[in-house]
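Worksheet for the structure shown next.
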Amino acid sequence: MAIPLEDSVTDIIGKAQRGLGLSDTELCDRIGIEIGELEAVKLVKGVAFAEIEKLAQALKLGPKSLVAMAEGKYNPTVTMPKTGFFQANTTYGDMTVNAYLVWDPATKLAAAFDTGADAMVLIDEIKKHGLTLQDVYLTHTHVDHVVELDRLLEKAGGSVGVHVNEAEPLEKAASFKPGVTFSLGKLHIESRDTSGHSAGGTTFHIHGLDAPLAIVGDALFAGSAGGIKADYAASLQKIRDNILSVQDNTILAPGHGPLTTVLQEKQSNAFFPEFRKALAEDI
């Protein structure tokens with residue numbers, strides 16, 4: 001069963017508005033509408049494209065991407081690596097959360113990225129392929145991503161290293177500064193700073209599988225971005241520099257929602273309209 005998009009067009013607009021620090025009144029002034037009309041424009045439904053474009057410009061978003069999201073036309077597709085990669089999607093409260101397993105097919109050494117809400121999904125996959133869990137890498141320490149850490153370590157057995165960005169120290173985890181590269185058998189795991197949603201948000205680029213892969217946590221979702229709690233412009237720039245700068249066919253594995261690719265986010269993510277323009281498409 002396909003995993004639905006994490007964010008609706010309303011979520012995207014709300015995140016951009018909060019990130020820019022605009023009140024509804026300020027937003028209406030920029031668009032040139034009355035406060036009573038704002039809800040319809042935010043829903044991108046039953047209004048002229050000119051109004052949507054004004055809203056997008058005020059929020060520095062891509063209008064055609066917003067419309068595509070509102071119409072349900074954005075559904076990213078991904079060709080999975082032949083081996084060495086697994087996505088676990090588990091329920092946490094009223095939402096779902098992703099965790100991932102990556103392994104070196106030659107040595108059978110594996111790494112988990114976050115824990116999800118039920119570590120047994122990862123443990124079952126480890127047993128299925130006869131893997132040895134060597135490390136756990138945390139994209140950030142929000143509870144839905146680390147809640148099963150103790151259980152994962154207990155069930156995996158052996159000596160498992162846990163790694164977390166030094167900006168979010170965690171008991172039982174070794175801290176690192178983004179920029180360091182780790183080894184997993186013949187694979188290499190490059191860490192990059194994508195903080196903003198959280199102080200220690202980290203993206204892990206996996207080198208050595210038959211397809212390029214990045215575990216991005218809650219920095220980026222298919223068609224959207226995680227809620228940014230730090231400097232909004234700087235946080236978006238980190239996503240550009242440390243996620244969207246790599247080759248277009250890189251698979252992006254977010255903390256919530258479906259897998260996507262760099263190219264599909266350049267084409268369709270409303271937070272980064274400049275890429276669509278650079279691809280010679282109407283933004």
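The values are calculated or read from the model by the stated rules, or taken from the named source; none is laboratory data. Owing to the predicted nature of the structure, the values given are computational and were not obtained by experimental measurement. Positions of Cβ are generated from backbone atoms using ideal geometry, with glycine treated the same way; all protein chains shown enter the neighbour counts. Each accessible area value is taken on the protein alone, full model and side chains, heavy atoms only, with ligands, DNA and RNA left out. Shrake-Rupley method; radii C 1.70, N 1.55, O 1.52, S 1.80 Å.
Over the heavy atoms of residue 37, what accessible area does a 1.4 Å probe trace out, to the nearest 10 Å²?
Only protein atoms counted, so the area is about 80 Å².
Give the whole-number value, in cubic angstrom per residue, of the convex hull volume spanned by the C-alpha atoms of segment 1-47.
In segment 1-47, the Cα convex hull volume per residue is 76 Å³.
Quick one: net charge of residue 95's neighbours, Cβ under 10 Å, K/R +1, D/E -1?
-3
With N residues in segment 148-259, what two-decimal value do you get for its Cα radius of gyration over 2.2 N^0.38 Å?
1.09
Dipole magnitude of the chain about its Cα centre, charges +1 at Lys/Arg Cβ and -1 at Asp/Glu Cβ only, in debye to the nearest 20?
About 660 debye.
Show which lysines lie in cross-link reach of residue 277 when reach means a straight Cα distance below 21 angstrom and same-chain residues fewer than eight apart are skipped.
Straight-line reach from residue 277, under 21 Å: 54, 60, 64, 73, 238, 266.
Between residue 233 and residue 40, what length in nm is gained on full extension when 0.36 nm per residue of separation is reduced by their alpha carbon distance?
Length gained, residue 233 through residue 40: 66.8 nm.
One-quarter of the Cα convex hull surface for segment 48-198, in nm²?
Quarter of the Cα hull surface area: 11.4 nm².
Where a Cα-Cα gap under 20 Å defines reach, which aspartates and glutamates qualify for residue 177, not counting those fewer than 8 residues away within the same chain?
114, 135, 166, 168, 190, 193, 218, 231, 241
When Lys and Arg each count +1 and Asp and Glu each count -1, what net charge do the other residues less than 15 Å away from residue 189, Cβ to Cβ, add up to?
-2
In the chain, with Lys and Arg counted as +1 and Asp and Glu as -1 at Cβ, which of these residues, 198, 169, 132, has the Cα nearest the positive end of the dipole, that is, farthest along it?
Going by the charge dipole, the pick is 132.
Quick one: work out the % antiparallel among DSSP beta bridges in segment 82-201, nearest 5.
55 percent
Towards the positive end of the charge dipole of the chain, with charges on Cβ (+1 Lys, Arg; -1 Asp, Glu), say which of 19, 214, 109 has the farthest Cα.
Value computed over the given set: 109.
Roughly what would the spin-label model give for residue 247 and residue 172, points 7 Å off Cα along C-beta, in nm?
Those two pseudo-labels are separated by 3.7 nm.
Rank these residues by their accessible area, most exposed first, probe 1.4 Å: 232, 92.
Result of the area sort, largest leading: 92, 232.
Take the alpha carbon gyration tensor of segment 105-190, find the square roots of its eigenvalues, order them as a ≥ b ≥ c, and report rounded if a/c is under 1.5; if not, report prolate when a/b exceeds b/c, else oblate.
Oblate is the answer for segment 105-190, as a/c is 1.5 or above yet b/c matches or exceeds a/b.
Any idea how far apart residue 151 and residue 106 come out in nm if each label point goes 7 Å out from Cα toward Cβ?
Label at residue 151, label at residue 106, 3.5 nm between them.
Please report the spacing between the Cα centers of segment 3-68 and segment 221-283 in Å, no decimals.
18 Å
How big is the chain on each of its three principal axes, counting only the C-alpha atoms and giving the largest first in Å?
For the chain, the Cα spread along each principal axis is 63, 35, 33 Å.
So, in nm, how far is label residue 48 from label residue 211 when the simple model puts each one 7 Å beyond its Cα toward the Cβ?
Roughly 4.3 nm, to one decimal.
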